[in-house]
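Pasting a structure here, questions to come.
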Amino acid sequence: MSQQATSWQAIVLGILISIAVIVGFNSYVIINPGEAGVLSILGKAQDGALLEGLHLKPPLVSKVDIYDVTVQKFEVPAQSSTKDLQQLSASFAINFRLDASQVVDIRRKQGTLQNIVSKIVAPQTQESFKIAAARRTVEEAITKRDELKQDFDIALSDRLQKYGILVLDTSVVDLTFSAEFSHAVEEKQIAEQRAQRAVYIAQEAEQEAEANINRAKGQAEAQRLLRETLTVELLQKQAIDKWDGHFPQVLGGNGALPFINLDLAKKNTPATR
């Protein structure tokens with residue numbers, strides 16, 4: 001009989017030790033760096049976030065939800081109409097993290113991280129992009145892309161901060177336009193290229209005309225100088241230098257030898273007696 005009692009006592013003692021161990025392990029929680037916890041007792045979230053370190057909690061009736069408060073990255077698509085009513089589509093890579101001091105409120109209102117992305121981050125990204133795109137035309141969205149992103153960042157940060165979400169950085173992964181606008185841009189580029197070609201041809205023709213005028217002026221000036229330097233004496237000298245010493249068989253109509261000024265020759269010839 002004593003042996004049976006001793007056996008039951010050992011069993012009860014083992015059960016009590018097991019319960020004590022279970023209770024002991026359920027009476028505290030360790031929060032690691034980059035995490036924040038929310039303590040719930042009987043299903044009710046308690047105020048005050050549990051930050052990294054060791055925290056005591058009521059065993060068996062409590063639960064701790066752990067949130068990752070390190071940087072999260074998600075790619076979110078968005079669409080909007082521009083100021084000139086053109087359709088604009090974009091995809092944003094958003095880096096954010098949860099505010100550790102507000103995880104209790106996040107637990108009460110949003111729940112899990114998946115809910116935060118789908119119910120908060122994605123819709124607010126869409127609305128922020130609408131605000132930024134509506135302030136400019138589609139061409140300005142292209143030429144002033146940095147300003148578009150800046151307006152988007154400001155709008156998104158203001159909207160998400162209310163939910164305990166801190167935006168660290170965003171980047172435009174893709175920015176696309178409607179097929180009609182793409183075709184219009186292509187036609188505009190072709191027209192601009194044709195206009196530039198026409199201007200080039202006109203400038204080339206103008207330069208050629210100016211060159212022709214300068215050449216004509218140069219030829220006229222050369223002819224003028226030639227007329228001033230070609231005197232009768234010079235022409236006669238050039239003719240005499242080229243004469244082969246034979247007189248022509250036929251004299252000129254006035255009876256003078258070619259290339260010889262007879263009047264000048266008479267003046268230089270002594271008078272005959």
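The values are calculated or read from the model by the stated rules, or taken from the named source; none is laboratory data. Just so we're clear, the structure is a prediction, and the values are computed from it rather than from any experiment. Using ideal geometry, Cβ is built from the backbone for each residue, glycine included, and neighbour counts are taken over all protein chains shown.
Would you say Leu54 is out of contact with any Cys (no Cβ under 9 Å at 6 or more places or on another chain), loosely packed, with under 15 Cβ neighbours inside 10 Å and in a strand (DSSP E or B)?
yes
Which members of the stretch 99-120 meet the condition of being farther than 30 Å from Phe177 by Cβ and crowded, with 16+ Cβ neighbours inside 10 Å?
Result: Asp99, Ala100, Gln102, Val103, Val104, Asp105, Ile106, Arg107, Gln110, Ile116.
Spot the failing condition for Ser171; the list is (1) touching a Lys or Arg at 6+ places or on another chain (Cβ under 7 Å); (2) not in a helix (DSSP H, G or I), and only one is missed.
Single failed check for Ser171: (1).
Next up: With respect to Val117, determine if the residue is touching an Asp or Glu at 6+ places or on another chain (Cβ under 7 Å), part of a helix (DSSP H, G or I) and not basic (Lys, Arg).
The answer is no for Val117.
Residue-by-condition table, conditions (1) surrounded by 13 or more Cβ atoms within 10 Å (Cβ to Cβ); (2) over 47 Å from the mean Cα position of the chain (by Cα); (3) of a type in the set (Val, Ile, Thr):
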position	(1), (2), (3)
Ala10	no, yes, no
Ile22	no, yes, yes
Pro33	no, no, no
Gly43	no, yes, no
Ile66	yes, no, yes
Gln72	yes, no, no
Pro77	yes, no, no
Ser80	yes, no, no
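Does at least one position in the stretch 52-64 carry a residue that is within 20 Å of Gln114 (Cα to Cα), aliphatic (A, V, I, L, M) and modelled with pLDDT of 90 or more?
Yes, that holds for at least one residue.
Could you check the stretch 121-141 and list, in sequence order, the residues that are under 30 Å from Gly48 (Cβ atoms) and surrounded by 20 or more Cβ atoms within 10 Å (Cβ to Cβ)?
Answer for the stretch 121-141, where residues must be under 30 Å from Gly48 (Cβ atoms) and surrounded by 20 or more Cβ atoms within 10 Å (Cβ to Cβ): Val121, Gln124.
Of the conditions (1) closer than 21 Å to Arg136 by Cβ; (2) of a type in the set (Gly, Ala, Ser); (3) not in a strand (DSSP E or B), Ala122 fails just one. Which one is it?
That leaves (1) as the condition not met.
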